[in-house]
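Nothing in this text is a laboratory measurement; each read-out follows from the coordinates by a stated rule. Quick caveat: nothing in here was measured; it's all calculated off a predicted structure. Positions of Cβ are generated from backbone atoms using ideal geometry, with glycine treated the same way; all protein chains shown enter the neighbour counts.
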Amino acid sequence: MKLVMLGAPGAGKGTQAKRIAAKYQIPHISTGDIFRANIKAGTELGMKAKSYMDQGQLVPDEVTIGMLLDRISQDDCAGGYVLDGFPRTIPQAESLTKALASRGEKLDYAVNVDVPDENIVTRMSGRRACLGCGATYHIVYNAPKKEGICDVCGEKLVLRDDDKPETVQKRLAVYHDQTQPLIDYYKQEGILAEVDGTQDMDKVFQDIVKILG
Ligand code: ADP
Ligand code: ADP
Ligand code: ZN
């Protein structure tokens, strides 16, 4: 099964993508996680991405598309994958469609996790991230067992720089401008599935599983 997750920053794409990956035994591929891992490791790719990310801007398509197409050509992706945070622009979506078509493949679903802007700022200010293993928590809705420490790997949790309210507003504007048009793109492709992302995490996941089967 090949899926992409759509939705505003903070809508719950990552939370749901991890559950989907576990249930359907496919890799969870988050472009944001790949960029953050590169920043942490101090690679050239990380350096390129960081200035854009800190400002709430998208990393340019020239950097992002090649990186993602490389990733999905690796062996562990042969049986499918769930993409989280890609595509974020129409050119990214078109490149993915084309790359898949050249191998006689296509996406099965684009799952849109729908959450209005009003709910997003609270979600983001409460989000805590583990830069060690990519796990995410929320101080109210999904708290770690020990405050400030990752349940999975024991590293310290952080408030991401780009989750501060000023940057969140910027990211929402970028989302409406560049990413939201993908909802229509995938509707036209006939693979759009929509879920109400304001429900609790378990209910959102149940709704997704009903669609994916
Ligand atoms: P969130 O899960 O909150 O939406 P991500 O971790 O997906 O955030 O992305 C964080 C940042 O990484 C984005 O604001 C953007 O700067 C960059 N990024 C991630 N994926 C992409 C992409 N597909 N295209 C361009 N930039 C991206
Ligand atoms: P995205 O990947 O779309 O940016 P995340 O999955 O990281 O979003 O979720 C953003 C924040 O909101 C995290 O702190 C997460 O724990 C929390 N969250 C995710 N889904 C829900 C939900 N259904 N209800 C309440 N909080 C949620
Ligand atoms: Zn961790």
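List of remarks:
- Highest-fluctuation residue, Lys187, Lys203, Lys146 considered, GNM on the chain with Cα pairs under 10 Å: Lys146
- Isolated Cys in the chain, by beta carbon distance under 4.7 Å: Cys77
- When all alpha carbon pairs of the range 104-153 are counted in 10 Å bins from zero, the resulting P(r) reads 22, 36, 27, 13, 2 %.
- Pair-distance distribution of the range 29-143: all C-alpha pairs, bin width 5 Å, starting at 0; shares per bin in whole percent are 2, 9, 17, 21, 20, 16, 11, 3, 1, 0.
- Look at the Cα gyration tensor of the chain: its axes a ≥ b ≥ c give a/c under 1.5, and that counts as rounded.
- Contour minus Cα-Cα distance for Lys203 and Lys40 (0.36 nm per residue): 55.3 nm
- Under 23 Å of direct C-alpha separation, and excluding same-chain neighbours fewer than eight residues apart, Lys156 reaches these lysines: Lys13, Lys18, Lys40, Lys50, Lys145, Lys146, Lys164.
- Long-range tail of P(r) for the range 128-213 (Cα pairs > 17 Å, %): 67
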